[in-house]
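The values are calculated or read from the model by the stated rules, or taken from the named source; none is laboratory data. None of these values were measured; they are calculated from a predicted model. Here the Cβ positions follow ideal geometry from the backbone for every residue, glycine too, while neighbour counts run over all protein chains shown. Only protein heavy atoms, including side chains, enter the accessible area calculation; ligands, DNA and RNA are left aside. Shrake-Rupley method; radii C 1.70, N 1.55, O 1.52, S 1.80 Å.
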Amino acid sequence: MKYNFTEIEKKWQKYWEENETFRTPDFDKLDKSKPKYYVLDMFPYPSGDGLHVGHPEGYTATDIIARYKRMRGFNVMHPMGWDAFGLQTEQYAIKTGIHPKIRTIECINRFRDQLKSIGFSYDWKREISTADESYFKWTQWIFLKIYNSFYDKTDNKAKDINELKIPEGLSAKEKFDFLNSYRIAYLAEVPVNWCPELGTVLSNEEVPEQLEKGFTVVRRKMKQWNMRITEYADRLLNDLNELDWPKNVKEIQRNWIGRSEGATIKFKIINPETKSEFEIEVYTTRPDTIFGVTYLILSPEHKFVNDITVGSEKNKIDEYIRSAERKSDLERTELSKNKTGEFTGAFALHPLTDEKIPVLISDYVLASYGTGAIMGVPGHDERDNEFAQKYSLSIIPVVFPENISDEEKKLFLENTKIGKECYTGEGISINSGFLDGLKSGEAINKIIEWLETNKKGMRSVNFKLRDWLFSRQRFWGEPFPIIHFEDGTFEDIDVSELPLTLPDVGSYKPSGTGESPLAIIDDWVNTVEKDSGRSARRETNTMPQWAGSCWYFLRYLDPENTKVFCDREIEKFWMPVNLYIGGQEHAVLHLIYARFWYKVLFDLGYVNYKEPISKLFNQGMILGEDGVKMSKSRGNVINPEDVISKFGADAMRLFEMFMGPLEASKPWSTKGIEGLNRFLNRVWRVIIDENSDGLKNNITDSEPELKLKKLLHKTIKKVTEDIEDGDMKFNTAISYLMIFVNELYKSEEISKNVIRDFILLLSPFAPHITEEIWQKLGNNESIQFAKWPAYDKELTKEESVTIIFQVNGKLRSKADLPFGSEEKILEDEALDNENVKKYILGKQIIKIISVKNKMVNIVVK
RNA sequence: GCCCGGGUGGCGGAACUGGUAGACGCGCAGGACUUAAAAUCCUGUUGUCUGUAAAGGCAGUAUCGGUUCGAUUCCGAUCCCGGGCACCA
């Protein structure tokens, strides 16, 4: 029979399912003497469109690793699940009225069938879905753990809120507020990113993506749940160093965390009318330029703005604040070229010179970074420079570049004063009192020392990272296990009440008031406190989609546990994840949130390691055949179901790996996959007699001929190394398998053992056809349980190598010589070579360079 | 603007620590089989020049320059493409 991939693939998928071939035993039945390997895929969001050809790319890579590791005797954890809460399903519900729960199940079923049709070796007994009550019970449970924790800055870790020392003599309300100001998950009225089109708020990390889609995002003050991820900024930054992650992902995270060192400096401000004094702190990375400060700027949202503004300026200032509020973030940055601001009428005292400097407000100063106020150093900061020139504020040069002549220095200082020059680099201090003549680095240390002894400021560190906005005004997400009382206080519900499930509703539309659709379900919203019977309202926000994906890799390990989200001992055995493959788009979203949650759980003693993911790998995108991103509107989308029915799952797996390195973006090619289907046909025909369905006659129990044996061992070596080295370059491994098959076609008689080993090598890449041939080779058990072939190092060596002969670095000839021939022999051979002789005839030999097993280069004049 | 990647045949891509550039696949060309086609098998395939051929010359890894006996690989400058950040003081 001809190679019938459809039949073979169905047969083996059924076999694997019935025999639970890929089941990872429960922990108590696991042979713990074997090493573990946890290979994880970023689980998909089961959308209505079904699987995309991009999905199987990363999944095939992890599947190859999983199958390989099993054959190498590892306990392998290779699970799959669903990131099932999310906006797309909710919007489908708004449109159709179909409950998201029903829609989600439909989509999941479709996705699962599709994944099974590609032959992935998942342990489906561990399947999880974030929207399942049995799963999100634990998402809510973890939320409560985070809610009931505070960050102890001395021990640098999260602790149970009960360990927090509460000051004596506080009223009940004060105590409540005090605790709240420490909780790692906290409710606060903060300026948030509101997206009117989506009817929900967004986290900082989510904003760029929505803007790209053309949605608007405006700043709005709202009472929202937040997580104090900022407390973990240092640890999230430092622990990156020990991770085997792509360089650029680490870089993106470092940028996002955005650590900077500098100083906070206190300025005294006096309202000339009321004579009241305020102390305002500014943050700067260049405290050495303090003598160049000619004004202060507060962000329009700064808490002192009202108090320091004098009567005559009030209207202007109020108007400015209102206009700043109206601007979206986008506008505030887009208008950056044209800075605006207003004078408050107040003056600050320079902490060193006691000079009076004006205090202004401007929306180029961000309220949410540093102290929300800056010192203006127009001589050495481009933004300040632009602002100063527009509002005619004076400029003092206080740093000049090193290694310039006196002449240049004079010109430099003049130009700086008039705003023509704005040097932002490091250099030598000038016009700076006791800092004069010092290099910037030294000046920074000296001024900080001075500020600290004079109590006018201190060394400080700042981060760009903001607290994580954790609530959304949606229906299809985890409800918060929190209830609110009439007096404005709130508390967590009892753990025994988890999971807190979603009600059935008539409409999934956002309420339009900035509240989620849950807010209008009175039955659900109105509740009572369990113990006291006091009436209460449920929190109506839901958690963001990231919540479920923050910890799903833990639930796979112990999916049935009803006592805890994952047993600590089981966690200890399997974690951290050895290999995690997914797209780069999650660099600062999922991957920073998941690290954060894991660290909190670590601090609280529920998990055993500092970091959850040891090695991360980003697969590239598969583009359409036209070389651009696949999209419905372009009509260049390739559907995996069609590919499988035309060419088979094995061919698709093989082709996706053969296209190029996993991390690269590469275009799909129908011709290309035909080639891989052709390859599998060649494999089939060289082994199987299509008339008898048995092995071909020329496959015998004979000793393999040396040449083929050597090629086999070289192939084993290459394939093993390509899988093992972590670069995910399976394209070269496959090309070696092709070379091997090409060689088989040239052989008269083939040893069965050679075929056996070759089939083992091919099996992680193309599992169905290899199971079939494995069976025809006389094996009764799945090929997955066979041992990965070993290679004999001696057999991988060539007995002869091609030595190249060069004259003056140009290739002139070559010769096959025995492997390991001494340099002297190589030289003699080269000098004796006809073509080489032509080029050295009559010339003087200056030098001969020879490298063993490589080349000889004769330098002549 | 700043910070990371990356530019190799007609195409996807190979090339160890500086040592034969273009593995493997696609496409293309020629041949075999066939009444024919498809499928399959075999051969060739960077460009260019000399040669009937065998063989050989020259150029060639974005561009220019450098280091070196020797550079796709190391260094410097420039151009282009992709990604990230973008008033973070």
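Some observations on this one:
- Scan the range A:700-719 for residues that are in contact (Cβ under 8 Å) with a residue 40 or more places away in the chain, out of contact with any helix residue (DSSP H, G or I) (no Cβ under 8 Å at 6 or more places or on another chain) and in a helix (DSSP H, G or I) and the total you get is 0.
- Within the range A:138-154, being in contact with an Asp or Glu (Cβ under 9 Å, 6 or more places away or on another chain) and at pLDDT 95 or above holds for A:Thr139, A:Gln140, A:Phe143, A:Leu144, A:Lys145, A:Tyr147, A:Asn148, A:Ser149, A:Phe150, A:Tyr151, A:Asp152.
- Complete set of residues in the range A:632-658 that are surrounded by 21 or more Cβ atoms within 10 Å (Cβ to Cβ) and more than 13 Å from A:Phe679 (Cβ to Cβ): A:Pro640, A:Val643, A:Ile644, A:Ala649, A:Glu656
- Filtering the range A:797-804 for residues that are closer than 22 Å to A:Thr700 by Cβ and either surrounded by 13 or more Cβ atoms within 10 Å (Cβ to Cβ) or within 16 Å of RNA strand B (Cβ to nearest atom) (or both) leaves an empty set.
- Close contacts from the range A:521-545, counting a first residue that is farther than 29 Å from A:Pro46 by Cα and a second that is in a loop (DSSP other than H, G, I, E, B) and open to solvent by 40 Å² or more (accessible area, probe 1.4 Å), with Cβ to Cβ under 6 Å and a gap of 6+ residues or different chains, come to A:Lys530/A:Asp494.
- Verdict on A:Gly842 being more than 9 Å from RNA strand B (Cβ to nearest atom), modelled with pLDDT under 85 and within 52 Å of the chain's Cα centre (by Cα): no
- Of everything in the range A:403-446 that is outside any helix (DSSP H, G or I) and more than 27 Å from A:Met458 (Cβ to Cβ), the residue that is modelled with the lowest pLDDT is A:Asn403.
Matching residues to (1) more than 26 Å from the chain's Cα centre (by Cα); (2) buried (at least 16 other Cβ atoms within 10 Å of the Cβ); (3) outside any helix (DSSP H, G or I):
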{"residue": "A:Lys125", "(1), (2), (3)": "yes, no, no"}
{"residue": "A:Lys145", "(1), (2), (3)": "no, yes, no"}
{"residue": "A:Thr154", "(1), (2), (3)": "yes, no, yes"}
{"residue": "A:Trp194", "(1), (2), (3)": "no, yes, yes"}
{"residue": "A:Leu198", "(1), (2), (3)": "no, yes, yes"}
{"residue": "A:Val201", "(1), (2), (3)": "no, yes, yes"}
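- Considering the range A:659-692, and only residues there that are over 30 Å from A:Asn618 (Cβ atoms), touching a Lys or Arg at 6+ places or on another chain (Cβ under 8 Å) and in a loop (DSSP other than H, G, I, E, B), the residue that is least open to solvent (accessible area, probe 1.4 Å) turns out to be A:Asp689.
- In the range A:631-658, the qualifying residues are those that are assigned to a helix (DSSP H, G or I), free of Cβ contacts under 8 Å to residues at least 40 places away in the same chain and not aromatic (Phe, Trp, Tyr), and the one that is farthest from RNA strand B (Cβ to nearest atom) is A:Asp642.
- When residues of the range A:723-734 are limited to those that are surrounded by fewer than 20 Cβ atoms within 10 Å (Cβ to Cβ) and under 18 Å from A:Pro789 (Cα atoms), the one modelled with the highest pLDDT: A:Glu724
- From the list A:Asp288, A:Asp363, the one residue that fits, being among the charged types (D, E, K, R), within 16 Å of RNA strand B (Cβ to nearest atom), in contact with a Leu (Cβ under 7 Å, 6 or more places away or on another chain) and not assigned by TED's automatic domain parsing to the domain that holds A:Pro208, is A:Asp288.
- Of all residues in the range A:46-90, those that are touching a residue at least 40 places away in the same chain (Cβ under 8 Å) and either more than 30 Å from A:Ala786 (Cα to Cα) or among the hydrophobic types (A, V, I, L, M, F, W, C) (or both) total 26.
- Search result, residues across the range A:490-520 that are in contact (Cβ under 8 Å) with a residue 40 or more places away in the chain, open to solvent by 40 Å² or more (accessible area, probe 1.4 Å) and among the aliphatic types (A, V, I, L, M): A:Val495
- Out of A:Glu279, A:Glu242, A:Glu319, sole residue that is away from RNA strand B (no atom under 15 Å from the Cβ), open to solvent by 40 Å² or more (accessible area, probe 1.4 Å) and closer than 30 Å to A:Val577 by Cα: A:Glu242
- Residue selection: A:Phe387 fails the criterion of being touching a Gly at 6+ places or on another chain (Cβ under 9 Å) and without any contact (Cβ under 8 Å) to a residue 60 or more places away in the chain.
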